[in-house]
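Asker: The following block contains the structure, expressed as structure tokens.
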Amino acid sequence: MRALQSVEAAGTTPALILLDLTMPVMDGVAFLAHIPDHAQLASVPVIVMSGDSRVLSRAEQPDNVREVLPKPIDVSRMMELVRKHMGHSPRRL
């Protein structure tokens, strides 16, 4: 919940959200459910990270979930996805 409140308080929109489904207070599935309530996040691409790919069904994924990255995280793959969804070439990140 603090992440959503921080975005609202800052008045800025993130370029990308890297979301772990296992978080304290509000898990990633609940965070995704709240995205439609925050207009500035509706079009922000989301990369979900999870140790259990079955946790997030297609029905629970808002349109802005672009990828589901399995744990343990392959940092090279994660950076590839970050570049892909932020539109940067490999040299810029």
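The values are calculated or read from the model by the stated rules, or taken from the named source; none is laboratory data. In this text, all values refer to a predicted model and were calculated from it rather than measured experimentally. Every residue, glycine as well, gets a Cβ built from its backbone with ideal geometry; the counts of neighbours run over all protein chains shown. All accessible areas refer to the heavy atoms of the entire protein, side chains included, with ligands and DNA or RNA removed. Shrake-Rupley method; radii C 1.70, N 1.55, O 1.52, S 1.80 Å.
Asker: When only residues in the range 1-21 that are out of contact with any Ser or Thr (no Cβ under 7 Å at 6 or more places or on another chain) and within 16 Å of E67 (Cα to Cα) count, which is surrounded by the fewest Cβ atoms within 10 Å (Cβ to Cβ)?
Answerer: Here the answer is A15.
Asker: Where the second residue is open to solvent by 50 Å² or more (accessible area, probe 1.4 Å) and at pLDDT 85 or above and the first is of a type in the set (D, E, K, R) and lies in the range 38-64, which pairs have Cβ atoms under 8 Å and are six or more apart or on separate chains?
Answerer: E60/A33
Asker: Being at pLDDT 90 or above, charged (D, E, K, R) and open to solvent by less than 60 Å² (accessible area, probe 1.4 Å): is that true of R83 here?
Answerer: yes
Asker: From the list I35, I47, I73, which one is at pLDDT 90 or above, buried (at least 17 other Cβ atoms within 10 Å of the Cβ) and not small (G, A, S)?
Answerer: Just one listed residue meets the conditions, I47.
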